[in-house]
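The values are calculated or read from the model by the stated rules, or taken from the named source; none is laboratory data. What you see is a predicted model; the values in this text were computed from it and never measured. A quick note on method: Cβ atoms are made from the backbone with ideal geometry, for glycine too, and the neighbour counts reach across all protein chains shown. When the accessible area is computed, the model is the full protein with side chains, heavy atoms only, and any ligands, DNA or RNA have been set aside. Shrake-Rupley method; radii C 1.70, N 1.55, O 1.52, S 1.80 Å.
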Amino acid sequence: MLPEEKELSRLEREQLQLADQVATAELECETTKTEIAQFERRYYETVGRLFAEIDEVDAQIADALAGRAPGDRAAQARAEAAQEKARQSAEEAGLIEEQAAPPLVITPELKQAYRQAAKLMHPDRAITKQEIERRTRLMAQVNLAYQSGDQQAIERLVLEFGQDPEAISGEDVASRLVKAIRRIAQLRRRLGELHEELQELQQTELCQLKITVEESEFLGGDPLGDLAQQLLQQLSERKIQLEMAKELLIN
C-alpha cells in the first residue's frame, strides 16, 4: 500500500470515529432539550400555573387599591407593574400550553432512530452549499420529530433521504484525501459547538432547577408538590385580600 493510501485509510477511520462522536453529541443535546421541556411542562402544570394565578389576583388587588386613590401616583405605578407582571406570566403560560407536549419517555428506539438520522444527513457531511442547506432543513425536521417523540417521522425522513450521495467512493486518492481532511475539520468544529451548547443547556436556571428537584425526589421528597400546597394557600389568602379590597372600593 502506498503512503498516501495508508494516510487516506487513517483519515477515513478518524472521520468515522468523529462522525460517531458527533452523532452521539447531537443525540445528547437533543435529549437534554427534550428532558428540559418535559420538566418545564411538569413544573408549569404543578406550580407554574399557580404562580400565574397569584400574579393575576395580585394585579386585581393593586388595581382595586389604585382605584381608591386615583391621585396616588405610587399606587398607580404599583398597579401598572402588577398588571405587567400578570401579563408576562399569562404570556409565558400560553407559550408553554401551545407547545407540543414532549414524549413522556425517550425510548432507546427513538434515540437510535435519531442517531441514525444524524449520522446520515447531518449538514457537516455535505460539501456544496445547496446540499448543506437541504440537510439543515431535514435535520430541523428530525429535531422536531425527536422532541415530540415521533419515531416514525424520523424513520420516514431517513427513508426519504435515501443513500448518502457524499458517501459514494470511487474518486482518486488525492481527492479523497482532501475530502477527508475537510470533513474531519468540519466534524471537529461541530463537536466543539455541541459540547459548548450542552454546557450552556446544563447551566440554565431551568436545568439546574430540574436537577435539584430530581435529586430531592430521588431521596423521597416531593418539592414541587410541597410548593404547590404553599402556593394554593397563598392563592386562597390573596383571593380573600381581593374581596376585601373590592369591598373597600365600593364603600
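Of all the Cα-Cα pairs you can form in the chain, what percent are over 35 Å apart? Summing the P(r) of the chain above 35 Å gives 41 percent of all pairs. Each Cα pair under 8 Å and six or more residues apart adds its separation to the average, and for the range 98-251 the resulting relative contact order is 18 percent. With a ≥ b ≥ c the root eigenvalues of the C-alpha gyration tensor of the range 27-176, is it rounded (a/c under 1.5), prolate (a/b larger than b/c) or oblate? Cα axes put the range 27-176 in the prolate bin. The protection proxy used here, the mean number of other Cβ atoms lying within 10 Å of each residue, ranks peptides 86-94, 45-53, 112-120 as follows, highest first: 112-120, 45-53, 86-94. Projected onto its three principal axes, the C-alpha set of the range 96-229 covers 69, 29, 25 Å, listed from the longest axis down.
For the chain, the solvent-accessible area of protein heavy atoms averages 61 Å² per residue (probe radius 1.4 Å; ligands and nucleic acids excluded). Ordered by 1.4 Å accessible area with all protein chains kept, LEU201, LEU110, LEU104, LEU232 run largest first as LEU104, LEU232, LEU201, LEU110.
MET244 exposes around 110 Å² of accessible area when a 1.4 Å probe is run over every protein chain in place.
Here LYS210 is the anchor, and the lysines within straight C-alpha reach of less than 16 Å, apart from those fewer than 8 places off in the same chain, are LYS33. Rounded, prolate or oblate: which one fits the range 190-251, using the alpha carbon gyration tensor with axes a ≥ b ≥ c (rounded when a/c is under 1.5, else prolate when a/b beats b/c, else oblate)? It comes out oblate by the Cα gyration axes. Take ARG68: with every protein chain present and a 1.4 Å probe, its accessible area is about 130 Å².
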